[in-house]
Amino acid sequence: MVIYRTHLLFQCNSRLRSCGGSMTAQQLILRQRAKLLSALCCSGSSEGLESVLDLLLAWGVLVWEDYQSILLPGSWALRASTRELLDLVYAKGDEACGLLLAAFKQVLPDAQKAGINFGNGCFADLEDTMEDKKELSSKAIQTLQSDRPSLIRKLRDSIEGALEVLLDAGSFTPLDCDAVQLPVYTPSQQARRLLDQVRSKGEHAAKVLLHYIQQKEQPPSQSTEDDWTIPKECLWYQKKLQSSVSAQSHFLSTNGGTSSLSLDDIYIDGQLELVQVSSESQPQCRAMGLEDVVGLLGTLNQEADTVLISGEAGSGKSTLLQRLHLLWARGAAIREFLLLFPFSCRRLSSEQRELSLRELLFLHCCWPDRDQDQLFQFILDNPHLILFTFDGLDELKQCFSDSEQRHCCPTRCVPIPTLIFNLLQGSLMKGVKKVVTSRPDVVGPALRRYLRKEVLLKGFSPNGIKCFVRKHHCDPNVANRVLDSLQNNTALKGLCHIPVFCWIVSKCYKELLGCGDREGCPQTITDVYLMMLQHFFQCRDSPRKSLGIGWLHEYKDTALHLGQLAMEGIKDSCYTFPGTELQKFGVTEEDIGMGFLIHSKHLSSFHNCIHYEFLHVTMQCFFAALYIVLNNNLNRSTIPKIFQPKDRQLQPPLHRACLRHCLNGQEEALKELAMASENPNIQITATFVSGLLSHRHRSLLLPSCPGPTLDRKSKQVVKSLSKGMHKHFKSIPQPVEEEKKSMHAMPDFVWLIKCIYEMQDSSIAKDTMAKLEVEHLKLTYCNIGPVECTALAYVLQHLRNPVGLQLDYNSMGDVGVEQLLPCLHVCHSLYLRNNNISDEVIGTLVEKGIQCESFQKIALFNNKLTDACTHHLAHLLKMKQNFRSLRLGNNYITAEGAEQLAEGLRLNISLQFLGLWGNMIGDRGTKAIANALKNSQTLVWLSLVDNGVSSEGACALAPLIKNSTLEELWLTQNCITRAGVEFIIQALKSNTSVKAVWLRGNELSPEEIEDLAQQEPRLIF
């Protein structure tokens, strides 16, 4: 081990200096200390720190005693532990610092690496040298340390099995097992605790565990045979399948397929969150990594095999799946699956034949050169080694219901929808893992009941946007100018959280940077797509020749040809088009050459004729909208139909299929029904129609469309939006006595708001809000991100009276909060629970809130707030003497943050509700809060649930209970003993206004609880 470490340190140091950098690794650590600390701690999870420690232990930089001294218990100690690590490794010298940088580079996600110098990338291949250590680890305990990172990956999905083996071997006791499986630990943390426990048990326990891991890596179907091996024909097919999947996944086609982007060069991780069923006191979503998609993390239904990745159009679902495919093909991820079969639902929709499972696998994925029967039998016998992926379930022409035909025979031919449904439901090929992508609203309850778990893809984080732009532009100066432009245009910055919009903005950077003042800068989604349209026409015409004011008129024929094709496709849920279809709508070779259509190679080769598809489904929607606006002969009923409210009972395409026989071939009737059905692409098209008919684009459209026609179509849009909003307002129930009049937004409400924003006409927004008379507007679980926040603020700022705005359980993030600020003056209450909000935006929010007289309440629980934001909140309390409620539960605030908050509480004379449950303020923080509030004449409710409060903290609360106007005090799930409760009882004798003190889950015996409850009935146990 010593020899290995010396070799590794020497190699690391040599690489660092060979890069030509002037700074040593020690200097890099010292100068970047704050950045490294922030990058590792910004998520609030200790997973990053523990992963770094795993590597440093394996590489011999740290000894066991170092590891134990660094990893302090409790997430409150994350920053302290990271500082301890930086100090310790810095003291070990330059070589150790080099390895620390290598560990950081390996562990940090791309979004967190921005701005950090790792020594010019000289440690990228350091992992390869770890193979050397296997020869040097003679003892099992040494192997546990030297192989620690890989052992954790192998163990995190099989903790129970390992514990069972250790129990049977007599190496573990049931208490040891309980200590490993504490519910507060993640699967990776349980694996680390398991390794730590095994190390403490000695060499025998280590050998038992290593033997278990070796056996586990053998396929279980043949576990009784020690010499079980994968058949050669399967390995040959695996190699061919990997080659095929790699070729399909390596590039992203752009500009009509004339240029391509390497996925490696452009891919940035999106924000993945796990949807969980949880209690009120726990966050509803958890961040996760790419490999966790198919892992055990977040499993809700153990019997199901299907994982759903849901996200809005353009959020990066297909690209994420493509990345997963590429990593599997390279053997870099999800290696537990021997075979991966990728399917495109768009391609499967064009399949008219009935197919068997065997034909589906071999015809639509990869044809075996030989031994088909043996290979197919292997797949049937070993479902646990197989992974199916279905991209774009929302693009299937038929949705699923419980009346779907049950099918379990792998060799019988059935229609494609029946085959897919039974695969996802588990009637066919039970045990095969399936990963499906779709827009969230399209997956109905009939299929959702068979989901193993659901993962939300929420687009780019702010750091992700920066990384993407920098990857897209080789010239750092250009990248910086684009990022500066985004920073100065918050609406556009909000749009760029959607990856497809970020790609358009990066690609059209010349048009963006040439916009000049804010008036000409893109503000809406329509603006972004018009900018892209101009860019493509400019590139086709002449890069040096500037397009004139009437550039759209010059290319009107192309826009109409492609627009009619797009429109007909959307009405029929069709996204691929054969060459004959293009000819039908007059699409010429010149039109194709513009770059908006790409060659669908796989579909073309499968059907033996050329097929095309639009660059992206949102591009197809945009051209459909162009056709609606530019076509002077369009049926006058078209625009009202695309805004027509949906009867959710008649939406699914399945009902259209059932009605097909009844309508007896009446195609127009079918198309009208399709237009009114639940087709999310029609909503996107309607959004673009609203934007194109905005007054700001009138001068662009006038050469191509007469003014009276534009006026008529614009009035139709305004009337349709007004009717849609009126329907929502009519649904507002009368308030119950003593309750506020409130409206829970229907699913289409946010879409209509976005359409109003696209029109950029404040008079429409004013007229709409003049009809809304509520005191509370609830928009929870509405999938609201930064884009939606921009639209909401634009419209809601015209409300006549202040409202309580509830936006819990959405995806706003910091940028979304920034976008919402223009309407803060009409919010007396703002609820932002579970929105991925960090410290960075709190200062801006407070600054605006101080200026808004009506703003009196805010709820920020279940976010990512730390002590770094509490001085801003203290300032809010000092400056706003009409502020009534501050709720910060389930964040990462410690005693230091509580002390800062106390400075504001001491000077505030209006606060009534203070919620700090689920933080880490401890006794020290409790003392600060209690001292600041002990003379409060307004406080009625205080929660310090689950904050590590002991009897010392309870004692500090006694003066507050005795002297204030407090009515309810929540101290549940702390560590208060009888002594602490007796302090509370004494204080309660002096204050009859207190109605209840909640003390469940403290360190009290049943006998003590009974005795104390008799002494003071206001204590709730």
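The values are calculated or read from the model by the stated rules, or taken from the named source; none is laboratory data. Keep in mind the model is a prediction, meaning the values are calculated, not measured. All Cβ positions, even for glycine, are placed from backbone atoms using ideal geometry, and neighbour counts span all protein chains on display.
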**OP:** Would you mind finding the one in Cys521, Cys539, Cys515 that is more than 19 Å from Gly595 (Cβ to Cβ) and at pLDDT 75 or above?
**Re:** Cys521
Original post:
Does at least one position in the range 367-384 carry a residue that is closer than 25 Å to Arg448 by Cβ, surrounded by fewer than 21 Cβ atoms within 10 Å (Cβ to Cβ), at pLDDT 90 or above and within 31 Å of the chain's Cα centre (by Cα)?
Top reply: yes
**OP:** Mind listing just one residue for me: the one in the range 994-1018 that is in contact with a helix residue (DSSP H, G or I) (Cβ under 7 Å, 6 or more places away or on another chain) and of a type in the set (Val, Ile, Thr) and, of those, nearest to Gln912 (Cα to Cα)?
**Re:** Val994
**OP:** Go through the range 468-507 and give me each residue that's farther than 25 Å from Ala793 by Cβ, surrounded by fewer than 21 Cβ atoms within 10 Å (Cβ to Cβ) and touching a residue at least 12 places away in the same chain (Cβ under 8 Å).
**Re:** Arg470, Lys471, His472, His473, Val478, Arg481, Lys507
Original post:
How many residues are touching a residue at least 24 places away in the same chain (Cβ under 8 Å) and outside any helix (DSSP H, G or I) if we restrict to the range 173-191?
Top reply: 1
Subject >> Ile909 vs. criteria of a type in the set (Val, Ile, Thr) and part of a helix (DSSP H, G or I) >> reply: no
Subject >> Identity of the residue in the range 963-993, of a type in the set (Ser, Thr, Tyr) and either farther than 30 Å from Ile909 by Cβ or more than 38 Å from the chain's Cα centre (by Cα) (or both), that ends up surrounded by the fewest Cβ atoms within 10 Å (Cβ to Cβ) >> reply: Thr992
**OP:** Would you check if there is a residue in the range 63-76 being in contact (Cβ under 8 Å) with a residue 12 or more places away in the chain and under 30 Å from Lys471 (Cβ atoms)?
**Re:** no
Original post:
Restricting attention to the range 678-723, which residues are more than 13 Å from Ala625 (Cα to Cα) and of a type in the set (D, E, K, R)?
Top reply: Glu678, Arg696, Arg698, Asp711, Arg712, Lys715, Lys719, Lys723
Original post:
Pick from Ser936, Ser964, Ser943, Ser993: which is under 22 Å from Leu886 (Cβ atoms), touching a residue at least 24 places away in the same chain (Cβ under 8 Å), of a type outside the set (D, E, K, R) and in contact with a Phe, Trp or Tyr (Cβ under 7 Å, 6 or more places away or on another chain)?
Top reply: Ser943
Subject >> Which numbered condition Lys92 fails, given (1) in contact with an Asp or Glu (Cβ under 6 Å, 6 or more places away or on another chain); (2) without any contact (Cβ under 8 Å) to a residue 40 or more places away in the chain >> reply: (1)
Original post:
Does the range 994-1012 hold any residues that are over 46 Å from the mean Cα position of the chain (by Cα) and either surrounded by fewer than 17 Cβ atoms within 10 Å (Cβ to Cβ) or of a type in the set (Lys, Arg) (or both), and which are they?
Top reply: Glu1007, Glu1008, Glu1010, Asp1011
**OP:** Kindly indicate whether Val949 is in contact (Cβ under 8 Å) with a residue 60 or more places away in the chain and closer than 22 Å to Gly897 by Cβ.
**Re:** no
**OP:** Would you kindly identify the helices (runs of 4 or more DSSP H) lying entirely within the range 20-100 that contain at least 1 residues that are modelled with pLDDT of 85 or more?
**Re:** 25-31, 33-41, 47-58, 78-91
**OP:** Kindly provide the set of residues from the range 698-747 that are among the polar types (S, T, N, Q), more than 20 Å from Leu792 (Cα to Cα) and surrounded by 14 or more Cβ atoms within 10 Å (Cβ to Cβ), ordered by number.
**Re:** Ser704, Thr709, Ser714, Gln716
**OP:** Could you list all residues from the range 482-512 that are within 15 Å of Gln538 (Cα to Cα) and touching a Ser or Thr at 6+ places or on another chain (Cβ under 8 Å)?
**Re:** Lys507, Leu512
Original post:
So which residues in the range 824-855 are out of contact with any Pro (no Cβ under 8 Å at 6 or more places or on another chain) and on the phi > 0 side of the Ramachandran plot, if there are any at all?
Top reply: Asn836
**OP:** Just name the residue that is farthest from Ser262 (Cα to Cα) out of those in the range 437-455 that are at pLDDT 90 or above and in contact with an Asp or Glu (Cβ under 8 Å, 6 or more places away or on another chain).
**Re:** Arg452
Original post:
Taking the stated definitions as given, is Cys705 of a type in the set (A, V, I, L, M, F, W, C) and either in a loop (DSSP other than H, G, I, E, B) or over 27 Å from Leu530 (Cβ atoms) (or both)?
Top reply: yes
Original post:
In the list Arg452, Arg448, which residue meets the criterion of being surrounded by fewer than 18 Cβ atoms within 10 Å (Cβ to Cβ) and either of a type in the set (A, V, I, L, M) or closer than 9 Å to Leu308 by Cβ (or both)?
Top reply: Arg448
